[in-house]
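Asks: First the structure, which I've put down as structure tokens, then a few questions once you've had a look.
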Amino acid sequence: MIVTDPQVAIAALAAGNLCAIPTETVYGLGADASNLGAVAQVFEAKGRPINHPLIVHVASLTEARKWISELPAWAEELAKQCWPGPLTLVGPRTTLATNNITGGQDTVAVRVPNHSLTLTVLEQLAAKGVHGVVAPSANKFGHVSPTTAQHVADDLGTYLDVHDGIILDGGASNVGVESTIVLATGEAPVVLRPGGITRKMITEITGLPVSETIENAPRVSGALSSHYSPSARVHLVEQSVLASVTTGGLIAFREVATPEGLTRLSEPRSVDDFAATLYASLRKADELGLSDIYVVEPTDEGLAEAIRDRLSRAAF
Ligand code: TXA
Ligand code: MG
């Protein structure tokens, strides 16, 4: 069932039921983070391996401190400047963050999403003593993340209907790719997954260099080689290659003309637009029954890095 009233979402989550929630990045499959049964349903609904840790969504930095025991000064500054927004901080966990959320790791991932309906839900739940909502992207494991309530219904509607779960419709997600995940346990930021908060922004805010990978990096399921995948095969190509392609779907900036025979899936005007429409266009290819998708990727830095990261996994 798709609803638009945040009070219905609050009641569902407080009762231990699942509720998909809108965020600025993608829709999340929400559950009370302190309710073992509800969290178990999240894994079951998605078909997600149980050792893959979840992000806890909270209303504010003050609430985040209930889950993360300690943040270096640079990470606190990042939180102050980027929250609510597409940033997830991974820090040492408090006792609230149980093994079923962290995948048994001693760190926990937390973020404050920037969506007015969902902030209302998180604030009012906190006032009732529910201090966090776990919310992995609300898609079947390995599939393309959802950026509309309908995408969630397409992937998880049957499970939700059978288990008294609901979907809170807050319109299309405006960033369109998942949050930047930053490991905040050391002296400088480490980006575990690129996203809406770019490396440049992180350096500007913290004054520190940003590294990308470390040995023994904590597990990130979005970091699997294959992820974010539609059924159609995704081909990452140079514009010049399109001349020899005769059938399939095309995702490319507006300036790129659509060759005869190809179906245009999206024609973004900017990198922001590319990110915001990407997942919907991948899903559209499957709806149209296309077997191949050709993508001319953005080459810039910033958000384009997150787009290329997701596309490389979609294409694997
Ligand atoms: O934008 C987003 O982050 C969206 C929206 C719904 O908030 N959520 C999202 O969740 O992308 P999910 O579960 O699809 O991806 C969460 C990622 C996973 O790759 C997981 O491995 C990583 O966060 N993660 C969670 N806890 C972690 C931890 N303690 N250490 C390292 N990575 C962690
Ligand atoms: Mg995901």
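Asks: Under 20 Å from a label point 7 Å along Cα→Cβ of Ala127: give me every residue in the range 29-43 with its amide N that close.
Replies: From the range 29-43, the list is 32-33.
Asks: Could I ask something else about it? Using a Förster radius of 22 Å, what is the FRET efficiency between Glu44 and Ile2 based on their Cβ-Cβ separation? Nearest 0.05, please.
Replies: Working: r = 21 Å, r/R0 = 0.95.
Computed FRET efficiency for Glu44 and Ile2 comes out at 0.60.
Asks: Using a 10 Å cut-off on Cβ atoms, rank the peptides 1-8, 13-20, 178-185 from the highest mean neighbour count down.
Replies: Working: 1-8: 14.0, 13-20: 22.6, 178-185: 25.0.
Descending packing order for the listed peptides: 178-185, 13-20, 1-8.
Asks: With the contact rule set at Cα under 8 Å and sequence spacing of 6 or more, what percent relative contact order holds for the chain?
Replies: Numbers: 718 pairs, mean separation 63.9, N = 316.
Normalised by residue count, the contact order of the chain is 20 percent.
Asks: Let me ask something else. How would the range 244-316 be classified by its alpha-carbon gyration tensor: rounded, prolate or oblate, with rounded meaning a/c under 1.5 and the a/b versus b/c comparison settling the rest? Each step should come with its number before you reach the end.
Replies: Working: a/c = 1.77, a/b = 1.41, b/c = 1.25.
Prolate, because a/c is 1.5 or more and a/b exceeds b/c.
Asks: Another question about this same structure. What's the percent breakdown of Cα-Cα distances in the range 35-150 across 5 Å bins, shortest bin first?
Replies: 2, 11, 21, 23, 22, 14, 5, 1, 0
Asks: Can I ask one more? Relative contact order for the range 41-176 using alpha-carbon pairs under 8 Å, separation at least 6, rounded to a whole percent?
Replies: It comes to 28 percent, rounded to a whole number.
Asks: Treat each spin label as a single point 7 Å out from the Cα along the C-beta direction, and report the Ser312 to Thr62 distance in nm.
Replies: 4.1
Asks: What FRET efficiency comes out for the pair Glu287/Glu255, r = Cβ-Cβ distance, R0 = 25 Å, nearest 0.05?
Replies: Details: r = 26 Å, r/R0 = 1.03.
Rounded to the nearest 0.05, the efficiency is 0.45.
Asks: Quick one: accessible surface of Glu77, probe radius 1.4 Å, all protein chains present, in square angstrom to the nearest 10.
Replies: 70
Asks: Follow-up. Would you list the membrane-span-like helices of the chain, meaning whole DSSP H runs whose alpha-carbon atoms span at least 20 Å along their axis and whose mean Kyte-Doolittle value is at least 0.5? Provide the component values of the computation, followed by the final result.
Replies: Values: long enough: 271-287 (24 Å, -0.20).
Flagged H segments: there are none.
Asks: Shape call for the chain from the C-alpha gyration tensor, a ≥ b ≥ c root eigenvalues: rounded (a/c under 1.5), prolate (a/b greater than b/c) or oblate?
Replies: Working: a/c = 1.95, a/b = 1.34, b/c = 1.46.
In terms of gyration-tensor shape, oblate.
Asks: A further question follows. Take the Cα of Val162, step 7 Å along the line toward its Cβ, and report every residue of the range 32-76 whose backbone nitrogen sits under 17 Å from that point.
Replies: 38, 40-48
Asks: Could you work out the helix-only [θ] at 222 nm for the chain, with each DSSP H run of four or more residues adding -39,500 (n - 2.57) and the total divided by the number of residues, to the nearest 500 deg cm²/dmol?
Replies: -9500 deg cm²/dmol
Asks: If I compute solvent accessible area with a 1.4 Å probe over the protein chains, what percent of it on the chain is carbon and sulfur? Present the calculation step by step, with values, prior to reporting the outcome.
Replies: On the way: 6450 of 12900 Å².
With neighbouring chains kept in place, the figure for the chain is 50 percent.
Asks: Go through 104-114, 124-134 and give me the packing order, highest mean Cβ count within 10 Å leading.
Replies: Packing order, densest peptide first, comes out as 104-114, 124-134.
Asks: Now for a different question. Run down the lysines and flag those whose C-alpha is under 18 Å from the C-alpha of Lys200, throwing out any fewer than 8 positions away in its chain.
Replies: Straight-line reach from Lys200, under 18 Å: Lys80.
Asks: Let me ask something additional. Identify all lysines with a Cα-Cα distance to Lys128 below 16 Å; exclude those on the same chain that are fewer than 8 residues away in sequence.
Replies: Excluding near neighbours in sequence, the set is Lys66.
Asks: With the crude spin-label approximation of a point 7 Å out along Cα→Cβ, what separation in nm comes out for Asn99 versus Ser231?
Replies: Once both label points are built, they end up 3.9 nm from each other.
Asks: Shifting gears a bit: What accessible area per residue, rounded to a whole number of Å², is obtained for the chain using a probe radius of 1.4 Å?
Replies: Details: 12900 Å² over 316 residues.
The answer is 41 Å² per residue.
Asks: Evaluate the charge dipole of the range 1-149 about its Cα centre and quote only its size in Debye, nearest 20, assuming +1 on the Cβ of each Lys and Arg and -1 on the Cβ of each Asp and Glu. Display every interim value, and only then the final one.
Replies: On the way: 9 positive and 10 negative charges, 45 e Å.
Here the size comes out at about 220 debye.
Asks: Still on this model: Identify which of Pro209, Pro53, Pro86 has the largest mean-square fluctuation in a Gaussian network model of the chain, with springs joining Cα atoms closer than 10 Å.
Replies: Of the options given, Pro209 has the highest mean-square fluctuation.
Asks: Can you bin the range 21-74 into rounded, prolate or oblate? Criterion: square roots of the alpha carbon gyration tensor eigenvalues sorted a ≥ b ≥ c, rounded for a/c under 1.5, prolate for a/b above b/c, oblate for the rest. List each step's numbers first, then the result.
Replies: Details: a/c = 2.04, a/b = 1.64, b/c = 1.25.
Because a/c hits 1.5 or more and a/b exceeds b/c, the range 21-74 counts as prolate.
Asks: Next question. Only four residue types carry charge here, +1 at the Cβ of Lys and Arg and -1 at the Cβ of Asp and Glu. Report the dipole size of the chain about the Cα centre in Debye, rounded to the nearest 20.
Replies: Numbers: 22 positive and 34 negative charges, 84 e Å.
Computed about the Cα centre, the dipole is about 400 debye.
The values are calculated or read from the model by the stated rules, or taken from the named source; none is laboratory data. Quantities reported herein were computed from a predicted structural model and do not represent experimental measurements. As a convention, Cβ positions derive from the backbone with ideal geometry for all residues, glycine included, and neighbour counts pool all protein chains shown. When the accessible area is computed, the model is the full protein with side chains, heavy atoms only, and any ligands, DNA or RNA have been set aside. Shrake-Rupley method; radii C 1.70, N 1.55, O 1.52, S 1.80 Å.
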